[in-house]
Amino acid sequence: MTEFTLTKDTAGVATITWNVPGTSMNVMTLQGLAELDAAIDAALADETVKGIVITSGKEGSFAGGMDLNLLAKMKDEAGAEPAQGLFDGTMRIHGLLRKIERAGMDWI
């Protein structure tokens, strides 16, 4: 299943479209986070990209939030250290959001 797709136009604008299949609203999942991270990395690595737009493939909405089962999965996958698993997972999400926020700001 593909939740994020990356396209680029001739002007160098990369468009990352979020469109979770089979849902009426986009809801963030672990797979979606990985796909978004990869799309951001691909766009940032392409020297012909002059700008990045993140948009929704859903008519009339961008996102319904995050699948709260994601937190339970992070906790469960951490085994004997559930708090550490939640912290690490949350920090991975934070890192992705910071990457988006600071895109193109290598000089700072």
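Do any residues in the range 71-94 that are hydroxyl-bearing (Ser, Thr, Tyr) have Cβ atoms under 8 Å from those of residues that are part of a helix (DSSP H, G or I), where the two are at least six apart or on different chains, and which pairs are they?
Listed pairs, sorted by first residue: Thr90/Met74.
For Leu36, state whether it is within 22 Å of Met105 (Cβ to Cβ) and in contact with a helix residue (DSSP H, G or I) (Cβ under 7 Å, 6 or more places away or on another chain).
yes
Touching a Leu at 6+ places or on another chain (Cβ under 7 Å) and within 17 Å of Ile93 (Cβ to Cβ): which single residue out of Asp67, Asp37 fits that description?
Asp37
Quick check: anything in the range 64-76 closer than 22 Å to Arg98 by Cβ, surrounded by fewer than 12 Cβ atoms within 10 Å (Cβ to Cβ) and not basic (Lys, Arg)?
yes
Hey, which of the helices (runs of 4 or more DSSP H) in the range 26-108, taking only ones fully inside, have at least 2 residues that are at pLDDT below 90 and over 18 Å from Thr2 (Cβ atoms)?
Of the helices (runs of 4 or more DSSP H) lying wholly inside the range 26-108, those with at least 2 residues that are at pLDDT below 90 and over 18 Å from Thr2 (Cβ atoms) span 69-77.
Quick one: in the range 1-19, which of the residues that are in contact (Cβ under 8 Å) with a residue 24 or more places away in the chain and in a loop (DSSP other than H, G, I, E, B) is farthest from Gly65 (Cα to Cα)?
Here the residue is Ala11.
Can you list residue pairs whose Cβ atoms sit under 7 Å apart, with the first residue in the range 24-37 being within 18 Å of Ala103 (Cβ to Cβ) and the second being part of a loop (DSSP other than H, G, I, E, B)? Count only pairs 6 or more apart in sequence or on different chains.
Close Cβ pairs (under 7 Å, with a partner that is part of a loop (DSSP other than H, G, I, E, B)) amount to Glu35/Thr2; Glu35/Glu3.
The values are calculated or read from the model by the stated rules, or taken from the named source; none is laboratory data. None of the values given here were measured: they were computed from a predicted structure. Reconstructed Cβ throughout: ideal geometry from the backbone, glycine too, with neighbour counts over all protein chains shown.
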